[in-house]
Amino acid sequence: MIEVEGLTKYYGEHAAIRDLSFTIQKGEVIGFLGLNGAGKSTTLRVLGCVLLPTGGKVRIHGIDLLTEPHEVRKRIGFLPDVPPLYNEMSVGGYLRFVAQLRGVPADKVDARVQDVEEKTALRDMHDELVSTLSHGYRQRVGLAQAMVHNPQLLILDEPTSGLDPVQIAEMRKLIRSLRGQHTILLSSHILPEISQTCDRLLVIHEGEIVGQGSEHDLAKGSASAIDIEVAGTPEKAKAALGGVNGVQGVEVLKSTAEGTAHLRVTASAELRPEVVRALVNANVDVLRVDKAASQLESIFMQLTQTRHA
Amino acid sequence: MNAILLIARRELGSYFRTWLGYIIIAAVLLLQGILFNAFALGSGMDRRSSDVVMQFFYTMSGCTMVAAIFISMRLLAAEREGGTVNLLYSSPVRDGEIVVGKFLSALAFLAILLFATSFMPAMVLLAGKISWGHVFAGYLGLLLLGSAVLAVGTLGSALTRSQILSVIISALMVVALLTCWWVGRVSDRPLSSVFENLALWQIHFQPFMSGIVHTRDVIFYLAITYVGLFGATRVLEARRWR
């Protein structure tokens, strides 16, 4: 239902995105993952009908974004990286304005405003001035304006940026609660957050898509790592690990003065029992065993690093 | 509801929800009140009513131009500064509708401002001998002159995200249009009459001061308004490319 083909955007000589292609099915929650400056915002701004692309095709519900931008705009709700709020208006007044601007019929405006205020827990803030709101509330009003006209597609550019951990959890819950009512496209550079919220990830790096699929799909074929802490010198442990089948490498992260060492073993996380057994057999005391960082993080690092190489 | 009216209504409301609107009205009333007392009424007691009103429109035209620059400074610059332009861009609204809506709100505000000054000629109307037509023509001139400056200011406001820069750019464009008169005076025919007729104030506003409405003057101000708004729309469209 959203088809992007060869999307390219140049800022002067610099290509922010190059030949981007992907499709999104109705009802999917898609995460755009990338470092700052990778081209996430540019892509979302093009899909949000704010920017015009230099080349390529975008079709939303079969409607071409370039030839019929008006029809597309009626079907999307866009939350830019900075929520587009008028500080001097009240929350309710602002949402009413946006609803009317996006073409909600006059007799349905109040009901729509009330509905999104309930969904985003803004009912108590209805009469507050936007300028008096905290950052978390501003972000919620931003989300409320994006969905006030009940669009089929919601485009959210870093909806959790600048929020505290509690607010991030609330925002995540809120976005998940919208699943099924809208197709959602959101971006982030925070890995765990996006993998918990989305059905499918598009990893974007230097303006190109370097990987896509679910977290599980992306993990296939990518080696993960095990973190271990042992007593004694790292050399003895390294020697013991060298003999384990499936271990691709051992890296010493830290060896402390108290006589312990942190090692990172490049191997599938399923090999943890074999690794521990090998160490114990070699008379090395194991203090701690962990899966290294988040799975997604290592996938991401690998996907982006192979591009640099 | 029509997008133009919707945008205009919101914008007009924001003049009064912030201090800007009240400050501009207060400043104009104060300045014009002083000028009216000092020059229009003057010290001599033997002035004719029509001269007093003419003087009023003379000083008021200056106040209107300065006020119009400040009224229009935030129209589009503030939208970009606050990021709210993205809301308008992603809504089913044409760029021209955004510009016209913004301009109409400024024009409505200017009309309110002009109405607030009307007690001055009204006093002359009551105490002296002038016609309603004279006052009406003067105000029509002020509204047209103001509309042209507002459109130029809208263009200035579209060019930058800083309101201060927007004032400076708009003021430069208005001064350039005003000094066309002087350029016309020092250049040779046929250029001289081109420049003289392009001048914002001299040829086209003075008849209104004496209560005369020429079609060509009305058309001149409407044309400047159109060009300003057309330019602002184009700037807004061009911004979508970068």
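The values are calculated or read from the model by the stated rules, or taken from the named source; none is laboratory data. All values derive from a computational prediction rather than experimental measurement. Cβ coordinates were reconstructed from backbone atoms using ideal geometry, including for glycine residues, and neighbour counts include every protein chain displayed. Side chains are part of the model used for accessible areas, which takes the heavy atoms of the whole protein and leaves out ligands, DNA and RNA. Shrake-Rupley method; radii C 1.70, N 1.55, O 1.52, S 1.80 Å.
Let's see how each residue does on (1) of a type in the set (K, R); (2) more than 14 Å from every other protein chain (Cβ to nearest Cβ); (3) out of contact with any Lys or Arg (no Cβ under 8 Å at 6 or more places or on another chain):
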{"site": "A:K26", "(1), (2), (3)": "yes, yes, yes"}
{"site": "A:I30", "(1), (2), (3)": "no, yes, no"}
{"site": "A:L35", "(1), (2), (3)": "no, yes, yes"}
{"site": "A:T42", "(1), (2), (3)": "no, no, no"}
{"site": "A:L47", "(1), (2), (3)": "no, no, yes"}
{"site": "A:L52", "(1), (2), (3)": "no, no, no"}
{"site": "A:L66", "(1), (2), (3)": "no, no, no"}
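Within segment A:99-108, being within 7 Å of another protein chain (Cβ to nearest Cβ) and either touching a Cys at 6+ places or on another chain (Cβ under 9 Å) or farther than 14 Å from A:L153 by Cα (or both) holds for A:Q100, A:L101, A:G103, A:A106.
Being over 30 Å from A:Y10 (Cα atoms), open to solvent by 50 Å² or more (accessible area, probe 1.4 Å) and either within 14 Å of chain A (Cβ to nearest Cβ) or in contact (Cβ under 8 Å) with a residue 24 or more places away in the chain (or both) is a property that holds for B:I212.
Residues that are in contact (Cβ under 8 Å) with a residue 40 or more places away in the chain and either surrounded by 14 or more Cβ atoms within 10 Å (Cβ to Cβ) or in contact with a Pro (Cβ under 6 Å, 6 or more places away or on another chain) (or both) within segment B:15-39 comprise B:Y15, B:L20, B:G21, B:I24, B:I25, B:A27, B:V28, B:L29, B:Q32, B:F36, listed in sequence order.
Within segment A:148-165, the residues that satisfy the criterion of being at pLDDT 90 or above and not in a loop (DSSP other than H, G, I, E, B) are A:L153, A:L154, A:I155, A:L156.
Going by what's in this entry, would B:M65 be described as within 22 Å of B:Y226 (Cα to Cα), buried (at least 24 other Cβ atoms within 10 Å of the Cβ) and either touching a residue at least 24 places away in the same chain (Cβ under 8 Å) or out of contact with any Leu (no Cβ under 9 Å at 6 or more places or on another chain) (or both)? Explain how you work it out, then say what you get.
Values: within 22 Å of B:Y226 (Cα to Cα): yes; buried (at least 24 other Cβ atoms within 10 Å of the Cβ): yes; either touching a residue at least 24 places away in the same chain (Cβ under 8 Å) or out of contact with any Leu (no Cβ under 9 Å at 6 or more places or on another chain) (or both): yes.
So B:M65 fits the description; yes.
Results for (1) open to solvent by less than 50 Å² (accessible area, probe 1.4 Å); (2) among the polar types (S, T, N, Q); (3) under 23 Å from the mean Cα position of the chain (by Cα); (4) farther than 19 Å from B:G83 by Cα, shown as yes or no for each residue.
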| site | (1), (2), (3), (4) |
| --- | --- |
| A:A38 | yes, no, yes, yes |
| A:G48 | yes, no, yes, no |
| A:G55 | yes, no, no, yes |
| A:H70 | yes, no, no, yes |
| A:I76 | yes, no, yes, no |
| A:D81 | no, no, yes, no |
| A:L95 | yes, no, no, no |
| A:Q100 | yes, yes, no, yes |
| A:G103 | no, no, no, yes |
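Applying the set (1) open to solvent by less than 60 Å² (accessible area, probe 1.4 Å); (2) under 24 Å from the mean Cα position of the chain (by Cα); (3) more than 9 Å from chain B (Cβ to nearest Cβ) to A:E5 leaves exactly one unmet item: (1). Residue count for segment A:1-15 satisfying the condition of being touching an Asp or Glu at 6+ places or on another chain (Cβ under 7 Å) and hydroxyl-bearing (S, T, Y): 1.
If the condition is being open to solvent by less than 50 Å² (accessible area, probe 1.4 Å) and of a type in the set (D, E), then segment B:215-242 contributes only B:D217. Candidates in segment B:108-132 are the residues that are modelled with pLDDT of 95 or more and open to solvent by 40 Å² or more (accessible area, probe 1.4 Å); of these, the one that is nearest to B:R48 (Cα to Cα) is B:F115. Tell me which of these A:G249 doesn't satisfy, since it passes every other one: (1) without any contact (Cβ under 8 Å) to a residue 60 or more places away in the chain; (2) within 13 Å of A:V286 (Cα to Cα). Answer for A:G249: the failing condition is (2).
The conditions of being out of contact with any helix residue (DSSP H, G or I) (no Cβ under 7 Å at 6 or more places or on another chain) and either at pLDDT 95 or above or surrounded by fewer than 22 Cβ atoms within 10 Å (Cβ to Cβ) (or both) are met by B:G42.
Select from segment A:92-107 the residues that are touching a residue at least 40 places away in the same chain (Cβ under 8 Å) and of a type in the set (G, A, S) and list them in ascending order.
Within segment A:92-107, the subset touching a residue at least 40 places away in the same chain (Cβ under 8 Å) is A:94-95, A:98-99, A:102-104.
Within segment A:92-107, A:A99, A:G103 meet the criteria.
Among A:R112, A:R102, which is the only one that is in contact with a helix residue (DSSP H, G or I) (Cβ under 6 Å, 6 or more places away or on another chain) and of a type in the set (K, R)? The unique qualifying residue is A:R112. Here A:A111 does not fit the description of being over 21 Å from B:V93 (Cα atoms), more than 9 Å from chain B (Cβ to nearest Cβ), small (G, A, S) and not in a helix (DSSP H, G or I).
Outside any helix (DSSP H, G or I) and within 22 Å of B:S91 (Cα to Cα), is that true of A:V4? So A:V4 fits the description; yes.
Determine which member of the set A:L143, A:L156, A:L186, A:L174 is farther than 18 Å from A:G48 by Cα, aliphatic (A, V, I, L, M), touching a residue at least 12 places away in the same chain (Cβ under 8 Å) and open to solvent by less than 60 Å² (accessible area, probe 1.4 Å).
On the way: A:L143 fails: farther than 18 Å from A:G48 by Cα; A:L156 fails: farther than 18 Å from A:G48 by Cα; A:L186 fails: farther than 18 Å from A:G48 by Cα.
Of the residues listed, the single one that is farther than 18 Å from A:G48 by Cα, aliphatic (A, V, I, L, M), touching a residue at least 12 places away in the same chain (Cβ under 8 Å) and open to solvent by less than 60 Å² (accessible area, probe 1.4 Å) is A:L174.
Of the listed requirements (1) in contact with a helix residue (DSSP H, G or I) (Cβ under 7 Å, 6 or more places away or on another chain); (2) hydrophobic (A, V, I, L, M, F, W, C); (3) not in a strand (DSSP E or B), A:V82 misses just one: (1).
Do you know which residues across segment A:72-91 are without any contact (Cβ under 8 Å) to a residue 40 or more places away in the chain and either at the interface with another protein chain (Cβ under 8 Å from one of its Cβ atoms) or under 15 Å from B:S14 (Cα atoms) (or both)? Working first, answer last.
Step one: list which residues in segment A:72-91 are without any contact (Cβ under 8 Å) to a residue 40 or more places away in the chain, which gives A:72-73, A:82.
Residues satisfying the conditions are A:R73, A:V82.
Within segment B:215-242, the residues that satisfy the criterion of being within 14 Å of chain A (Cβ to nearest Cβ) and either of a type outside the set (K, R) or farther than 29 Å from B:Y89 by Cβ (or both) are B:L236, B:E237, B:A238, B:W241.
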